[in-house]
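One structure below.
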Amino acid sequence: MPSYYIIIIGCQMNYSDSERLASYLESQGLVLAANEFAADVVILTTCGIRQSAEDRVYGLVNRIKKKNPKSVMIITGCLSERPDVKKRLPGKVDIWLPITAMPQLMDRIKEVRPQIMAKEEKELKDYFGVPPKHQSSFSAYVPIGNGCNNFCSYCVVPYARGREKYRSAREIIKEVKGLVQSGYKEIILIAQNVNSFRSGASDFADLLEKINDIPGDFWIRFASSHPKDISLKLIKAIGRLFKVCEHVHFAVQSGDDQILKAMNRRYSAKHYQDLVKKIRESGRKYKRELPLAITTDVIVGFPGETEAQFKNTVKLFKTIKFDMAYISQYSPRYGTVSYQMKDDVTRLEKKRREKILDQVLQQTALANNKYYKNKVVAVLVEGKNRQGEWYGKTRSYKTVQISGATGGDLVGCFALVKIDKVRDFALSGKIVAQYE
Ligand code: SF4
């Protein structure tokens, strides 16, 4: 039987798309190969957010084609429609596949390798219609839409994934109900901008409410959120709906208004701070078990970012006191508006700015984590670390190392853990109870 292998680079969306790709290929009669060198069909689900992610793709394609020259090489994800990437891989890639063209993939494979036969399958019009092959037995990504209309000046996503398109609330709820009935404990709703979700008269807050109403003991997470689209209705829903976890991730990108404008983010640093204040207040108002954790993405060294502008970001970090931040050094991405701007902050300076923000983050994360000392918190167990200890996440997305568990497989179980040690990015404690 023909075989396939998928290599995933990048974000949750790529991971989720790859789960649908795997299921699609298996429905067509392909089987999973041991590795990329043994597969008839190799798919790279690519990311174009940073140069390093892109460089990985060049290395992988060359290596795979050298060791497995007969494989059908397919590139999907964010690099699939980039003319400059195509030029750098002449004759090495058989199919460039925008992810929304997944239902046509088998026809395209047959064009390049007619001997790879597919089963007769019913025609699929929409890639969201492909049921995913979930990699985890307890935590599932559920895409609610794809694409982005925002065109932040540094970002390739709107070019790579096209305009926003959302699934119907009915289809999403049906998928979530099925997952909960199969025992899934964590539902992660994903889209480039979940706050723009619309299905008839329903917005994202309505969708959260409907999912919250599904019977069962499960947690709801969501990502990503754009600060310009977070409504008061959504903030209230986050506080009020108890299955929605006490964690909001939304990218600030900069703490300086001029840089935010150059990034085409369409909000001010003050607006972002007001949102954080309201989100935290909403958590307190509805007496949530844990303080709402706020995490973010930020870029240092955007073209023209002066020392004073960077200091505004440092100030914002000190004011907000993030629980976690994913700090990136700016790198120009081909085809974007900022690609035309002069990348004038040196690499060394970007590194210095990253380090400064990281130090502030370590302090604020540690200060926030002190809340947890001696508290008993629910943890969804994910696996064992190298030291053989169980670990998992709290509802507020804190990683917890768990000691004192006796026997049995805890993966996918909830554990109640009494926290005895807190660090900046991790907590640890002893298990006091576990439940399914
Ligand atoms: S909101 Fe901005 S950063 Fe996020 S995917 Fe859209 S364009 Fe990219």
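What follows is calculated from the coordinates using simple rules that are stated; it is not laboratory data. Computed from a predicted structure; not experimentally measured. Neighbour counts run over all protein chains shown; Cβ positions are idealised from the backbone, glycine included.
Sorting ILE299, ILE64, ILE214 on the 10 Å Cβ count, fewest up front, what's the list?
Listed from fewest to most nearby Cβ atoms, that is ILE214, ILE64, ILE299.
How high is the relative contact order of region 136-370, in percent, counting Cα pairs under 8 Å that sit 6 or more residues apart?
17 percent
Suppose a student asked you for the relative contact order of the chain, using Cα pairs under 8 Å spaced at least 6 residues apart; what percent would you report?
Value for the chain: 10 percent.
Treat the count of other C-beta atoms within 10 Å as a stand-in for reagent exposure and order TYR326, TYR391 from fewest to most.
TYR326, TYR391
Taking the number of other C-beta atoms within 10 Å as the exposure measure, put CYS47, CYS78 in order starting with the fewest.
Least crowded to most crowded, the residues run CYS47, CYS78.
Say the dipole of region 86-145 comes from +1 at the beta carbon of Lys and Arg and -1 at that of Asp and Glu; which of TYR141, PRO114, VAL130 then lies farthest toward its positive end?
The one lying farthest along the dipole's positive direction is PRO114.
Identify the trypsin sites (Lys or Arg not before Pro) of region 81-178 meeting these criteria: DSSP loop state and at most 13 other C-beta atoms within 10 Å of the C-beta.
Those that pass, being in a loop and sparsely packed, are LYS119, LYS122, LYS125, ARG163.
So which trypsin sites (Lys or Arg not before Pro) in region 187-257 end up in coil per DSSP with only 14 or fewer other C-beta atoms within 10 Å?
Taking region 187-257 and a limit of 14 other Cβ atoms within 10 Å, no loop trypsin sites (Lys or Arg not before Pro) are found.
Each residue of region 406-420 in turn: what ³J(HN,Hα) in whole Hz from Karplus with 6.51, -1.76, 1.60 and θ = phi - 60°, glycine and Pro shown as x?
Result, ordered by residue: 10, x, x, 8, 9, 4, x, 9, 8, 10, 9, 10, 8, 6, 10 Hz.
With the Cα gyration tensor of region 97-214 giving a ≥ b ≥ c as the square roots of its eigenvalues, does the rule (a/c under 1.5 for rounded; else a/b larger than b/c for prolate; else oblate) give rounded, prolate or oblate?
The shape class here is oblate.
Distance between the C-alpha centers of region 319-386 and region 210-283? Whole Å please.
Computed from Cα coordinates, the inter-centre distance equals 17 Å.
If you keep only loop residues by DSSP, which chymotrypsin sites (Phe, Trp or Tyr not before Pro) in region 244-311 have at most 15 other Cβ atoms within 10 Å of their Cβ?
Within region 244-311, the qualifying chymotrypsin sites (Phe, Trp or Tyr not before Pro) (loop, at most 15 other Cβ atoms within 10 Å) are TYR286.
From the residues ILE327, MET102, VAL31, which one has its Cα farthest along the dipole of the chain in the positive direction, the dipole being from +1 and -1 charges on Cβ of Lys/Arg and Asp/Glu about the Cα centre?
ILE327
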